[in-house]
There are 2 protein chains.
Amino acid sequence: MTCELVFVGTELLLGDILNTNAQYLSKKLAEIGVNVLHQSVVGDNPERLRDVLETAFSRADLVLTTGGLGPTKDDLTKEVCAAFFEKKLVLHNESLRRMQAYFDEKGVEMPKTNEKQAWMPEDSVIFENRNGTAPGCAMERNGKRLVLLPGPPREMKAMYETGVLPYLQSMTHAVIFSKEIRTFGIGESSMAQCVGDLLDSENPTVAPYAKEGEAMLRVTAKAETKEAAERLLQPVIDEILSRLGGFVYGVDVPNLETAVVALLKEKHLTVATAESCTAGLVAKRLTDVPGASDVFGCGIVSYQNEIKEKLLGVDPATIDAQTAVCEDVAAQMARGVLRQSGADLAVAITGLAGPGKDERGRDPGLAYLALTDGKKTVTRTVHTGQTGPGCRDYNRTVFASHVLDMIRCYFA
Amino acid sequence: MTCELVFVGTELLLGDILNTNAQYLSKKLAEIGVNVLHQSVVGDNPERLRDVLETAFSRADLVLTTGGLGPTKDDLTKEVCAAFFEKKLVLHNESLRRMQAYFDEKGVEMPKTNEKQAWMPEDSVIFENRNGTAPGCAMERNGKRLVLLPGPPREMKAMYETGVLPYLQSMTHAVIFSKEIRTFGIGESSMAQCVGDLLDSENPTVAPYAKEGEAMLRVTAKAETKEAAERLLQPVIDEILSRLGGFVYGVDVPNLETAVVALLKEKHLTVATAESCTAGLVAKRLTDVPGASDVFGCGIVSYQNEIKEKLLGVDPATIDAQTAVCEDVAAQMARGVLRQSGADLAVAITGLAGPGKDERGRDPGLAYLALTDGKKTVTRTVHTGQTGPGCRDYNRTVFASHVLDMIRCYFA
């Protein structure tokens, strides 16, 4: 089954919002073997939306749209799609009732404009919206299917999981199954060169990609069942793991923080953080992982020097001699938060996120990291090489990843 | 000038990566009056890419592509685009030299595969890549223009700013100018109802949108000069500001944290943070703003109760009686970090991010917040209403926004 995604919203064309729906739906559809060959974005314009639907159905059997189901006047997706499939809109009483209940629960009167959201294409399958007011639906005509989803990601995702996924699963046959091999500390080019001969294989396929300081490989097999696909994957994955060795932090692990929290849980150890330039990002990322409280309890953000001295016991003389951005300060910060927290391990970071240079003229992208277990302290120096405008976010993300990677390497 | 964006990459169709380039380019092009009417995503497949270019040029004069300029075998954008415009590829010596220098600086040998990145379409304008190896280019044929940019966002953005923007600016005439009115504490529907009559206006246009607990309005005018566009905007913006009052936290301010850091700077006050469920996110967001060190120096992440007691002086009896998620604990945390930091103000948060219920059976999405200036302490209770799977990220983001909003409201 060939599928096209159509995202409707002038705000997408103006760049007001980031199209996270595209990634979510593409990933979910790949999981059930639905082949997405095109994505299209079009504004809230009836003629252009109609043309995009025409093009989409010329190359796909299934089209999913998001957006344009809201209560305001520029929300036209349902009207245009119903007309395209030659369906009338009829009042769906259950949706109207749910919408009323949604506002009652919030203790807010339902704005009159919302009522239009309960008028749905005739003969369509209706999908309940558990996080908002606009219902979704699926229409069918001459073997082509059109599924309408709301634009706000929380509403769209919940509706996909509870309504659209079961609807689609009844139609698919082949299974596409992928595993992701995630690495830290090796560049995409070097990784690709290391596994170059495997990039030509057809089933499974091996594809490299890179993201914010990390390089990954996606290995994808197509088969009749998930088990058969897994049997195709395993030897290729084993080969890649043996070539990439310690650079690999996990297979099908969503990110470094998840791998690190799992490692700490396995070892029954806790970690504390002392952060200067990342200012809470390491703690935030560790606690993005549900259940992180088993391994993380204490973080100190010491963004100013006085706080480094007062709460972490960093020696003012060290700062005077070497500035706050040096290896010694990182090590003292780590030992300081270890004492304060009573954790088994502590990590610390001090660095220059940018955008400007520091008082000594050093470029941003430089950070000093330390990890201590109370007996020995190890350090790491990071140069991201990013100094331009906009480097701040990137540097902070990569710095935080290196802090997490130090924890991982402690167990290596 | 009508423009279409074409994003090339099977990883986008599989949902491996988020298409942040779409938002960036759309926003940047709108700023210089280039009308983006469609975005298309297509895989690394020469036939389908060719068809997408065909469709794109049937409705646009200018097409920008990102992706597919890498050194690996599946990177085909340049080859397909050059063939589409009937241009040969020729070795661009300066690009090869730059690429060699890029690897020399990193102290890494240039992989042989990279050389193909220096073969560029004949008669094209070459754009230097300051953050990577693949150069970009612009081709022209029969009045149609095709611009190729690399896929990695850091490389793409720097190349856009330094090379593509000056190239495009020489071609545009009308100016589209927008301002964004950002609010906190009012829903999108209520906001839209409050300004409903203005949503019909044509120049400027007024469009509502919503994002993670915030509602915004974008007011956009088209004119011959930026000054003329601003004159069209001002009366509409004034009218909206008078209707939305205290819900507005800024006009053309990128986010709450920027507004809050600016307010604190203006008042010459500092703030400290004590975070439980958001675990560093408030500190991280404050320090996303360059120069935040003037107003923020100390954050304590007390994810476990012992740390709340030890570092923040929270009374264990309060936790025993009411659990750690209650108004009293939030207030004690705020007063605790105020003492520890010596800041002028302190904010604190304790809550349930989810995904699970707490030991008392309370749903996630509940948080208690406090702000103190040492004299009086104010509190806020937040119910996000989000309890489903995947609620954790949303709840943490909205919780952190409320903490920032409390600082804003302190000055109201």
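Filter the range B:342-355 down to residues that are within 12 Å of chain A (Cβ to nearest Cβ) and over 23 Å from residue B:318 (Cα atoms) and give me whichever is modelled with the lowest pLDDT.
At the first step, the residues of the range B:342-355 found to be within 12 Å of chain A (Cβ to nearest Cβ) are B:342-343, B:352-355.
Of the ones still in play, those that are also over 23 Å from residue B:318 (Cα atoms) are B:342-343, B:355.
Details: B:342: 96, B:343: 98, B:355: 90.
Within the range B:342-355, the match that is modelled with the lowest pLDDT is B:355.
Taking the range A:164-189, which residues are surrounded by fewer than 17 Cβ atoms within 10 Å (Cβ to Cβ), in a helix (DSSP H, G or I) and within 14 Å of chain B (Cβ to nearest Cβ)?
Passing the criteria: only A:165.
How about the range A:23-61: which of its residues are within 18 Å of residue B:22 (Cβ to Cβ) and of a type in the set (Val, Ile, Thr)?
Of everything in the range A:23-61, those that are within 18 Å of residue B:22 (Cβ to Cβ) and of a type in the set (Val, Ile, Thr) turn out to be A:36, A:41, A:42, A:52.
Hey, can you tell me all the residues within the range A:97-110 that are basic (Lys, Arg) and within 14 Å of chain B (Cβ to nearest Cβ)? Steps first, please.
Let us first name the residues in the range A:97-110 that are basic (Lys, Arg), namely A:97-98, A:106.
Correct list: A:106 only.
Can you report the number of residues in the range B:80-117 which are more than 32 Å from the chain's Cα centre (by Cα) and under 29 Å from residue B:51 (Cα atoms)?
14
Out of the residues in the range A:139-163 that are more than 14 Å from every other protein chain (Cβ to nearest Cβ) and outside any strand (DSSP E or B), which is farthest from residue A:5 (Cα to Cα)?
At the first step, the residues of the range A:139-163 found to be more than 14 Å from every other protein chain (Cβ to nearest Cβ) are A:139-149.
With outside any strand (DSSP E or B) added as a condition, the list becomes A:142-143.
Values: A:142: 19, A:143: 17 Å.
Among those that are more than 14 Å from every other protein chain (Cβ to nearest Cβ) and outside any strand (DSSP E or B), it is A:142.
Among (1) free of Cβ contacts under 8 Å to residues at least 40 places away in the same chain; (2) touching a Pro at 6+ places or on another chain (Cβ under 8 Å), there is one condition residue A:81 misses while meeting the rest; what is its number?
Going through the list (1) free of Cβ contacts under 8 Å to residues at least 40 places away in the same chain; (2) touching a Pro at 6+ places or on another chain (Cβ under 8 Å), residue A:81 breaks only (1).
Restrict the check to the range B:262-283 and report whether at least one residue is surrounded by 21 or more Cβ atoms within 10 Å (Cβ to Cβ), over 24 Å from residue A:292 (Cα atoms) and within 25 Å of the chain's Cα centre (by Cα). Before the answer, list the steps.
Here is the first cut: in the range B:262-283, the residues surrounded by 21 or more Cβ atoms within 10 Å (Cβ to Cβ) are B:264, B:271-283.
Filter again for over 24 Å from residue A:292 (Cα atoms), leaving B:264, B:271.
Among the residues that remain, those that are also within 25 Å of the chain's Cα centre (by Cα) are: B:264, B:271.
Looking through the range B:262-283, at least one residue is surrounded by 21 or more Cβ atoms within 10 Å (Cβ to Cβ), over 24 Å from residue A:292 (Cα atoms) and within 25 Å of the chain's Cα centre (by Cα).
Can you pull out the residues in the range B:80-110 that are closer than 22 Å to residue A:213 by Cβ, outside any loop (DSSP other than H, G, I, E, B) and touching a helix residue (DSSP H, G or I) at 6+ places or on another chain (Cβ under 7 Å)?
Scanning the range B:80-110 gives a single hit, B:99.
Any idea which of A:94, A:109 is among the acidic types (Asp, Glu) and touching a Phe, Trp or Tyr at 6+ places or on another chain (Cβ under 9 Å)? Before you say what the answer is, go through the steps one by one.
Working: A:94 fails: touching a Phe, Trp or Tyr at 6+ places or on another chain (Cβ under 9 Å).
Answer to the selection: A:109.
Could you list, in sequence order, all residues of the range B:240-270 that are closer than 18 Å to residue B:371 by Cα, within 14 Å of chain A (Cβ to nearest Cβ) and either of a type in the set (Val, Ile, Thr) or in contact with a His (Cβ under 8 Å, 6 or more places away or on another chain) (or both)?
If the condition is that a residue be closer than 18 Å to residue B:371 by Cα, within 14 Å of chain A (Cβ to nearest Cβ) and either of a type in the set (Val, Ile, Thr) or in contact with a His (Cβ under 8 Å, 6 or more places away or on another chain) (or both), then B:261, B:270 are the ones that fit.
Among the residues of the range A:206-250, write down those that are of a type in the set (D, E, K, R) and assigned to a helix (DSSP H, G or I). Break it down stepwise before answering.
Filtering the range A:206-250 for residues of a type in the set (D, E, K, R) gives A:211-212, A:214, A:218, A:222, A:224, A:226-227, A:230-231, A:238-239, A:243.
Scanning the range A:206-250 gives A:226, A:227, A:230, A:231, A:238, A:239, A:243.
Step by step: first the residues of the range A:195-206, then only those that are within 11 Å of chain B (Cβ to nearest Cβ) and surrounded by 15 or more Cβ atoms within 10 Å (Cβ to Cβ), then the one that is nearest to residue A:221 (Cα to Cα). Which residue is that?
Of everything passing the filter in the range A:195-206, A:205 is nearest to residue A:221 (Cα to Cα).
Looking only at the range A:111-138, count how many residues are more than 14 Å from chain B (Cβ to nearest Cβ) and either part of a loop (DSSP other than H, G, I, E, B) or not hydrophobic (A, V, I, L, M, F, W, C) (or both). Give the steps one after another, and end with the answer.
First, pick out the residues of the range A:111-138 that are more than 14 Å from chain B (Cβ to nearest Cβ): A:118-127, A:135-138.
From the residues that got through so far, the ones that are either part of a loop (DSSP other than H, G, I, E, B) or not hydrophobic (A, V, I, L, M, F, W, C) (or both) too are A:121-124, A:135-136.
Residues meeting the conditions: 6.
In the range A:271-291, how many residues are at pLDDT 95 or above, in a loop (DSSP other than H, G, I, E, B) and within 9 Å of chain B (Cβ to nearest Cβ)? Talk me through it step by step, then tell me what you get.
The first filter runs over the range A:271-291 and keeps only residues at pLDDT 95 or above, leaving A:271-289.
Restricting the remaining residues to those that are in a loop (DSSP other than H, G, I, E, B) gives A:276-280, A:288-289.
Next cut, within 9 Å of chain B (Cβ to nearest Cβ) only: A:277-280, A:288.
Count: 5.
Name, by its number, the condition in (1) hydroxyl-bearing (Ser, Thr, Tyr); (2) within 21 Å of residue B:64 (Cβ to Cβ); (3) over 30 Å from the mean Cα position of the chain (by Cα) that does not hold for residue A:58.
That leaves (2) as the condition not met.
Hey, among the residues in the range A:11-28 that are touching a residue at least 60 places away in the same chain (Cβ under 8 Å) and over 18 Å from residue B:10 (Cβ atoms), which one's surrounded by the fewest Cβ atoms within 10 Å (Cβ to Cβ)? Walk me through how you get there before you give the answer.
Quick first cut of the range A:11-28, residues touching a residue at least 60 places away in the same chain (Cβ under 8 Å) only: A:20-21, A:24-25, A:28.
The next check asks that each one be over 18 Å from residue B:10 (Cβ atoms); those that pass are A:20-21.
Values: A:20: 15, A:21: 25.
Taking the candidates together, the pick is A:20.
If I ask for residues that are under 13 Å from residue A:410 (Cβ atoms) and in a loop (DSSP other than H, G, I, E, B), which ones from the range A:255-269 would you list?
A:269
Taking the range A:284-307 as the search range and keeping residues that are crowded, with 24+ Cβ neighbours inside 10 Å and within 18 Å of the chain's Cα centre (by Cα), which one is nearest to residue A:347 (Cα to Cα)?
Filtering first and then ranking leaves A:286.
Select from the range A:39-69 the residues that are more than 12 Å from every other protein chain (Cβ to nearest Cβ) and part of a helix (DSSP H, G or I) and write down the one among them that is surrounded by the most Cβ atoms within 10 Å (Cβ to Cβ).
So the residue we want is A:53.
Give the residue that is farthest from the other protein chains (Cβ to nearest Cβ), with candidates limited to residues of the range A:302-320 that are in contact with a strand residue (DSSP E or B) (Cβ under 9 Å, 6 or more places away or on another chain) and among the acidic types (Asp, Glu). Show your work before the answer.
First pass over the range A:302-320, keeping only residues in contact with a strand residue (DSSP E or B) (Cβ under 9 Å, 6 or more places away or on another chain): A:302-312, A:314.
Okay, now just the ones that are also among the acidic types (Asp, Glu), so A:306, A:309.
Working: A:306: 7, A:309: 11 Å.
So, considering only residues that are in contact with a strand residue (DSSP E or B) (Cβ under 9 Å, 6 or more places away or on another chain) and among the acidic types (Asp, Glu), the one farthest from the other protein chains (Cβ to nearest Cβ) is A:309.
Out of the range B:308-320, which residues are surrounded by fewer than 24 Cβ atoms within 10 Å (Cβ to Cβ) and closer than 21 Å to residue A:336 by Cα?
Going through the range B:308-320, the residues surrounded by fewer than 24 Cβ atoms within 10 Å (Cβ to Cβ) turn out to be B:309-313, B:315-320.
Within the range B:308-320, B:309, B:310, B:311, B:312, B:313 qualify.
May I ask you to say which residue of A:192, A:138, A:221 is over 21 Å from residue A:78 (Cβ atoms), free of Cβ contacts under 8 Å to residues at least 40 places away in the same chain and crowded, with 20+ Cβ neighbours inside 10 Å?
Working: A:138 fails: over 21 Å from residue A:78 (Cβ atoms); A:221 fails: free of Cβ contacts under 8 Å to residues at least 40 places away in the same chain.
Being over 21 Å from residue A:78 (Cβ atoms), free of Cβ contacts under 8 Å to residues at least 40 places away in the same chain and crowded, with 20+ Cβ neighbours inside 10 Å holds for just one of A:192, A:138, A:221, which is A:192.
Of the conditions (1) surrounded by fewer than 21 Cβ atoms within 10 Å (Cβ to Cβ); (2) free of Cβ contacts under 8 Å to residues at least 24 places away in the same chain, residue B:143 clears all except one; give me its number.
(2)
Among the residues of the range B:29-38 satisfying the criterion of being surrounded by fewer than 23 Cβ atoms within 10 Å (Cβ to Cβ) and at the interface with chain A (Cβ under 7 Å from one of its Cβ atoms), which is nearest to residue B:171 (Cα to Cα)?
Result: B:30.
Tell me, please, whether a residue that is in a strand (DSSP E or B) and at the interface with chain B (Cβ under 9 Å from one of its Cβ atoms) can be found in the range A:4-25.
At the first step, the residues of the range A:4-25 found to be in a strand (DSSP E or B) are A:4-8.
Within this subset, residues satisfying the condition of being at the interface with chain B (Cβ under 9 Å from one of its Cβ atoms) are A:5, A:7.
Within the range A:4-25 (the criterion being in a strand (DSSP E or B) and at the interface with chain B (Cβ under 9 Å from one of its Cβ atoms)), the answer is yes, since at least one residue qualifies.
The values are calculated or read from the model by the stated rules, or taken from the named source; none is laboratory data. Just so you know, these numbers come straight off a predicted model, no measurement behind them. Cβ: placed from backbone, ideal geometry, glycine included. Neighbour counts: every protein chain shown.
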